[in-house]
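Some notes on the structure that comes next.
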Amino acid sequence: MTQPLMPMATAVWLVDNTGLTFKQIAAFCGLHELEVQGVADGTIGANMVGQDPTMNGQLEPAELKRCEADPKAALQIKHHDVEARARTKGPRYTPVSKRQDKPDAIAWLVRNHPELSDLQISRLVGTTKPTISAIRDRSHWNSTNIRAQDPVGLGLCRQSELDEVVKAASARRAKLLEKGEIKEPEIIVEVEMAPELPPLKEKTKRVADDEPTAESVFGKS
């Protein structure tokens, strides 16, 4: 299915100006419902200017009203040679305002999805392998300020894209485990030992030595 130009900006406008359901908006814009929920909550696209699809000819006003009246109806985009195009694969463009969030997103992916390869992370958030390696081994120049954050919440990728790449990575890992090419990491449980007590001092004086004798009572004669 083709999607409108500037799908996230279109979703922002539809959330703010229509009575469509999140499911309808997500399907029309090619987004995940959680992303549309994030738009409504203000966690995604908070500073983005909404794009009215009826003004640029991508959606008929009558079509919008039809779907507002029927929550189960799906919006049909108006096809044009320029306005509606399917998304093509290629280098991901990240707005300048979002580029500073990439290290946080990489840290989150490395921590929560260790099954992902550097190539998968690179394609998902639009970064480079050296940057990922630097964050993995904590040699990144800004390591002290990196805070792991979900890339979907940061707007660097879609939930559907993240789910897809995690599913593919998990399937690949399962095959490698089955073939014996990799092994599950050993879990080492450290048991805290009780501190060693100092040895008890032995009594050097026998009990018999403490008992009184006739000489100690009456004195020597």
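Each reported figure results from applying straightforward, stated rules to the coordinates on display, with no laboratory input. Bear in mind the structure is a predicted one, so any value in this text is a computation, not a measurement. Note that each Cβ is placed from the backbone with ideal geometry, even for glycine, and that neighbours are counted across all protein chains shown.
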Between Gln37 and Glu68, what length in nm is gained on full extension when 0.36 nm per residue of separation is reduced by their alpha carbon distance?
-> 9.4 nm
Could you pull out the pairs from Lys129/Lys175; Lys129/Lys179; Lys72/Lys102; Lys23/Lys179; Lys78/Lys102 whose alpha carbons sit more than 32 Å apart here?
-> Lys72/Lys102; Lys23/Lys179; Lys78/Lys102
Determine the sum of side-chain charges near Thr43: Lys and Arg each +1, Asp and Glu each -1, restricted to other residues whose C-beta is under 12 angstrom from that of Thr43.
-> -3
Would you kindly derive the ³J(HN,Hα) couplings of the stretch 53-67 from the backbone phi angles with the Karplus curve 6.51 cos²θ - 1.76 cosθ + 1.60 (θ = phi - 60°), listing them in order in whole Hz, with x for Gly and Pro?
-> x, 7, 7, 9, x, 8, 8, 7, x, 5, 5, 5, 5, 4, 7
Within 10 Å of each residue's Cβ, count the other Cβ atoms and sort Thr21, Thr10 from fewest upward.
-> Thr21, Thr10
Those trypsin sites (Lys or Arg not before Pro) in the stretch 131-179 that DSSP places in a loop and that have at most 13 other beta carbons within 10 Å = Arg138, Arg147
What is the local net charge at Lys167, summed over the other residues whose Cβ is closer than 15 Å to its Cβ (Lys, Arg +1; Asp, Glu -1)?
-> +1
Rounded FRET efficiency, nearest 0.05, which uses the C-beta distance separating Thr21 from Asp163 and R0 of 22 Å | 0.60
Other residues with Cβ under 13 Å from the Cβ of Arg147 give, with Lys and Arg +1 and Asp and Glu -1, a net charge of -1
